[in-house]
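Down below is the structure, laid out as structure tokens.
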Amino acid sequence: MAQIARREAGLAINDGKSAMVRTRLARRLRAVGIDNFEGYCDLIEAPGNSELGHLISALTTNVSHFFRESHHFDFLRTEVVPRLRDNSKMGRKSMIWSAGCANGQEPYSIAMVLHEAGLPPSDVRILATDIDPVVVSTARRGRYPEHMTSGLTKEHRARFLDASEDGQSCISADLRPYILFNTLNLLDPWPMQKKFDAIFCRNVVIYFDKQTQSALWQRYGSMLHPNGWLFLGHSERIDAAAENLFEKSGITTYTRRGDPTSRKET
């Protein structure tokens, strides 16, 4: 099982976590009607199966909240938004990627900042992706029970959440046009054609082995405009091999090195 997780998603699971793996996957085995792990491995290896996302979801943690690591959103307001406004004045649409969006709180938090800054969806698009189709579906619906709305101020709740009949909170229509949700395995080829002004990949690469992390830094660098930003989780850092691509510009915040005059669409 660990070999499949490493090969298909770059997850680093050592032998000491075998008990944890079995405990977390027991529910999936019951859900698909398989009574042994060998049969479950066969299911994942079968052509055209859709179980890989469920496997990765079970082995990782999708716990998040709105405005998690708030210093990144302060940076977004003070440093990134002015650049995005400049893009708008020049007639260029800005792009932000939430890579590992989980249940959607991160891209919706980004959209709140953009909306409050007066940047309309016609000027900025957020791509939100995750390997797990279940959490992407949750994010796309934008309906949350109370315990999943932590991190929001009273003002944000009043402005951006609508109450539903079942007691859940729904993301307002003002935010939805900003975001395109999709499933994506970060180890697969990336279909995006345009470069991004900022990439949020927070608390994602902690699950990957060092080789996978190093390859991702290079790929992220290739997908960012020069002087674009990469935001990582609180325990994540780029490696020495990526220092030629990035320079530190804040707490777990990195700027893609380059000449600002060379920022063109590709």
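The values are calculated or read from the model by the stated rules, or taken from the named source; none is laboratory data. Since the structure is predicted, the reported quantities are computational estimates derived from the model, not experimental observations. Using ideal geometry, Cβ is built from the backbone for each residue, glycine included, and neighbour counts are taken over all protein chains shown. The protein model used for the area step is the full one, side chains on, heavy atoms only, and it has no ligands, DNA or RNA in it. Shrake-Rupley method; radii C 1.70, N 1.55, O 1.52, S 1.80 Å.
Observations
- The DSSP beta bridges internal to segment 157-266 are antiparallel in roughly 65% of cases.
- Antiparallel content of DSSP bridges confined to the chain, in %, to 5: 40 percent
- Take the chain with all the other protein chains still there, run a 1.4 Å probe, and you get 48 Å² of accessible area per residue.
- Between segment 159-177 and segment 71-98, the alpha-carbon center distance in angstrom: 25 Å
- Each Lys and Arg adds +1 at its Cβ and each Asp and Glu adds -1 at its Cβ; summed about the Cα centre, segment 206-262 shows a dipole of about 40 debye.
- Using θ = phi - 60° and Karplus 6.51 cos²θ - 1.76 cosθ + 1.60, couplings along segment 233-245 (whole Hz; Gly, Pro as x): x, 5, 10, 10, 9, 6, 8, 4, 5, 9, 5, 6, 9
- Exceeding the 27 Å Cα-Cα cut-off - candidates Lys195/Lys248; Lys89/Lys154; Lys93/Lys154; Lys89/Lys194; Lys93/Lys210; Lys194/Lys248: Lys89/Lys154; Lys93/Lys154; Lys93/Lys210
- DSSP H segments from the chain that extend 15 Å or more along their own axis, Cα-based, with Kyte-Doolittle mean of -0.5 or above: 18-32, 105-116
- Among 222-230, 104-112, sorting by the average number of other beta carbon atoms lying within 10 angstrom of each residue, highest first, gives 104-112, 222-230.
- Relative contact order of the chain, pairs being alpha-carbon contacts under 8 Å that are 6 or more residues apart, as %: 18 percent
- Solvent-accessible area, 1.4 Å probe, carbon plus sulfur percent, for segment 93-139: 55 percent
- Mean residue ellipticity (222 nm) of the chain, computed from DSSP H runs ≥ 4 via -39,500 (n - 2.57), nearest 500: -10500 deg cm²/dmol
- Calculated FRET value between Ala240 and His65, using beta carbons and R₀ = 35 Å, to 0.05: 0.60
- With at most 15 neighbouring Cβ atoms within 10 Å, loop trypsin sites (Lys or Arg not before Pro) (DSSP) excluded, longest segment of the chain: 94-193
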